[in-house]
Amino acid sequence: MNVLVVGSGGREHALAWKLAQSPQLGELHCAPGNPGIARHGSCHPVRPEDAEGLLDLARSLDIDLVVVGPEAPLVAGVADGLRRNGVAVFGPGAAAARIEGSKTFAKDVLRSAGVPAAETLAVARPPCVVKADGLAAGKGVFVCRTQEELDAALPAVTRLGESFVVEELLEGPEVSVFALCDGRNAIPLPAAQDFKRAFDGDEGPNTGGMGSYSPVPDIDAEELVEQVHRPVLAELARRGSPFVGVLFAGLMLTHDGPRVLEFNCRFGDPEAQAILPRLEGDVLGALAAAAAGDASGVTVAVGADAAVTIVIAARDYPAGYDTGSTIEGIDEAEATGALVFHAGTAQRDDRILTNGGRILDVTGMGETIAAARERAYAGAESIIFDGARYRSDIAAEAALV
């Protein structure tokens, strides 16, 4: 089976790394890819949003399955264009991807499906949460406990160029729950927890994610998928927009039960970097079955080991990025037993350079979260570039459980 992975980040590197292990794999390609992905397959300079370019590439390479990583091309309808031309795609069409592309649409689906969610507020007053209605690369959520925070959030969300929604501020632990979907069936994947704030102690602005871990203690992913994902999947199908791909629910576990904070139409980043290494068996076969519209007989085995992922970011991320700085220590990090996924890198001759905000993701595996965390940080400490920084408290509390 020839596979094309669409995207260039750490999530796509983790996908390429996992799919490369499948006995069903023929050739692995990526558009546009990155230097880490190039270790597993061939990279091609086609942008993820270039539907026509991706179709031409898929045809020229005799691609059997396209796996779309990022949300922007899915919301833009790239999967629709490929499917109309006979190419199998793991990823929802534009109509179903609106579950992430529009908070207003997602709220309407949740109401119709009878799934509890954070309530929309008619007036913005603290405490509340202000969210960009469209895509914002994980940076469009502003938690406002004070009037001062609200006064800063409103112009910030307006600068994102989208309308916005105001929601009640819920309290409780958050969890990311994923399911592989074929339009009708939902197959639970391990739950994960991510860390969105830029700095230790959950301080600073929201980011695309600074780390993650899996499993999450005391979380029953099957139960949550039954309560949340399957009713939403049925509602989308009823509307004539069946969801094929990964349906990702961000949940708040309140005293009154789980409440949906948001839906995403793809693997989380950096959650994928902690989840995919825990999966056993032929993941490619599971994705292909979902893309073909029938994953009813598919099971995804999960290993006993835990995983912790540390994001190494540029000095000024999320406000700024870094390009052209030489990265050292990747081989040394891998020698500690950690997995290193490229998130924002480029290659010049034999040098790996920074090329983004989140630069590398370092994942450690272990029998416990504490052991996985120790390995992840040992790997992260080996990596050096100008301005490199990462949170020191990823999975710290979970490691004590």
Taking Thr323 as the residue in question, decide whether it is surrounded by fewer than 23 Cβ atoms within 10 Å (Cβ to Cβ) and farther than 19 Å from Ile275 by Cα. yes
Being β-branched (Val, Ile, Thr) and under 28 Å from Val78 (Cα atoms) narrows it down to one residue among Val216, Val244; which is it? Val244
In region 383-398, how many are open to solvent by 30 Å² or more (accessible area, probe 1.4 Å) and not aromatic (Phe, Trp, Tyr)? 8
Which residues, taken from region 119-150, are open to solvent by less than 60 Å² (accessible area, probe 1.4 Å), in contact with a strand residue (DSSP E or B) (Cβ under 8 Å, 6 or more places away or on another chain) and either of a type outside the set (A, V, I, L, M) or at pLDDT below 85 (or both)? Pro126, Cys128, Lys131, Ala132, Asp133, Gly138, Lys139, Gly140, Val141, Phe142, Cys144
Answer residue from region 359-392, given it is aliphatic (A, V, I, L, M) and in a helix (DSSP H, G or I) and is farthest from Trp17 (Cα to Cα) among those: Ala370
Do we find that Ala153 is free of Cβ contacts under 8 Å to residues at least 24 places away in the same chain, open to solvent by less than 10 Å² (accessible area, probe 1.4 Å) and not acidic (Asp, Glu) in this structure? yes
Being part of a strand (DSSP E or B), at pLDDT below 95 and of a type in the set (Val, Ile, Thr), is that true of even one residue in region 244-267? yes
Would you pick out the residues in region 177-208 that are within 20 Å of Val130 (Cα to Cα) and at pLDDT 95 or above? Asp194, Phe195, Ala198
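The values are calculated or read from the model by the stated rules, or taken from the named source; none is laboratory data. Every value quoted in this text rests on a predicted model; they were computed, and no experiment measured them. Note: ideal-geometry Cβ built from the backbone for every residue, glycine included; neighbour counts use all protein chains shown. Just so you know, the surface numbers come from the protein's heavy atoms only, side chains and all, with ligands and any DNA or RNA stripped out. Shrake-Rupley method; radii C 1.70, N 1.55, O 1.52, S 1.80 Å.
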